[in-house]
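Notes follow the structure.
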């Protein structure tokens, strides 16, 4: 019989066994359209986990359910062992969850620095009393938040454009600013919704490096939503593949992507048969 573990060790092991994200039986409909059909996902600490599938497969809908933007019609979502099904997005964020969006959600007319500073909002404690005694309370908090923002600006190599308006910088840099804004929230779990959409190859390689560094240097667990298979195989430890709201493959990226159901979902039944040598 194995010796009993001390209580502290048992507690640490139990904490490590709890998935960062656990979704069970997630269903979501919009009128007569069933966007998600009983989806199960587990994401473990320290992973870069891929959620992939063709356009319209339900990836973004799934993320919106995880983060509280859409309540599921059925199923449960747990983050860090806490049930969050139906919680408002700001309450999910306070658990240490940050996300980026498929379409850029930067504040036009504001500088790169100010856009990134907005990401600290979950850590700020504004009050009329603190404003009244600014030099005693509010200034100290502002300086602490600024230090974290400047650290992320250095990490994301945005020093040269920190004072530029986000309106005038290229798409690749705008995507980098959005990732920086998510990182200043000091998340434990980061959800990236197609962070490389609209990028050229060089820009994709930059963002891929920053994603890996966020995991390796800052200990962030990452859920990556993508449909670029080269990105998925290069970055992800495991993947779940969706098609028409259903899970059609899970596991190690290369084997999951090679699954016949995945090939069929991406290139169509006839093309998949031709690919397999069944149809001339």
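A few remarks follow.
- Filtered by the rule that a residue be on the phi > 0 side of the Ramachandran plot and touching a residue at least 40 places away in the same chain (Cβ under 8 Å), segment 85-116 gives 96, 109.
- Looking across segment 42-69, the residues that are within 17 Å of residue 102 (Cβ to Cβ), within 12 Å of the chain's Cα centre (by Cα), in contact (Cβ under 8 Å) with a residue 60 or more places away in the chain and not in a strand (DSSP E or B) come down to 59, 60, 62, 63, 66, 67.
- Residue 48 vs. criteria closer than 24 Å to residue 228 by Cβ and in contact with a helix residue (DSSP H, G or I) (Cβ under 9 Å, 6 or more places away or on another chain): yes
- Counted residues, segment 70-84 - those being without any contact (Cβ under 8 Å) to a residue 24 or more places away in the chain and either surrounded by fewer than 17 Cβ atoms within 10 Å (Cβ to Cβ) or not in a loop (DSSP other than H, G, I, E, B) (or both): 3
- Residue match in segment 115-123 (condition: closer than 24 Å to residue 65 by Cβ and either in contact with a strand residue (DSSP E or B) (Cβ under 7 Å, 6 or more places away or on another chain) or modelled with pLDDT under 85 (or both)): yes
- Answer residue from segment 90-114, given it is more than 18 Å from residue 220 (Cβ to Cβ) and surrounded by 14 or more Cβ atoms within 10 Å (Cβ to Cβ) and is modelled with the lowest pLDDT among those: 104
- Odd one out for residue 35 among (1) outside any strand (DSSP E or B); (2) surrounded by 16 or more Cβ atoms within 10 Å (Cβ to Cβ); (3) modelled with pLDDT of 95 or more: (1)
- Residue within segment 107-115 that is within 18 Å of the chain's Cα centre (by Cα) and closer than 21 Å to residue 182 by Cα present: no
- Selection of segment 214-260 for residues being loosely packed, with under 15 Cβ neighbours inside 10 Å and touching a strand residue (DSSP E or B) at 6+ places or on another chain (Cβ under 8 Å) yields 251, 252.
- Residue in segment 142-154 that is closer than 27 Å to residue 78 by Cα, crowded, with 17+ Cβ neighbours inside 10 Å and either more than 14 Å from the chain's Cα centre (by Cα) or modelled with pLDDT of 90 or more (or both) present: no
The values are calculated or read from the model by the stated rules, or taken from the named source; none is laboratory data. It should be emphasised that the depicted structure is a prediction, and the values quoted were computed from it without experimental measurement. No Cβ is skipped: glycine too gets one built from the backbone with ideal geometry, and neighbour counts run over all protein chains shown.
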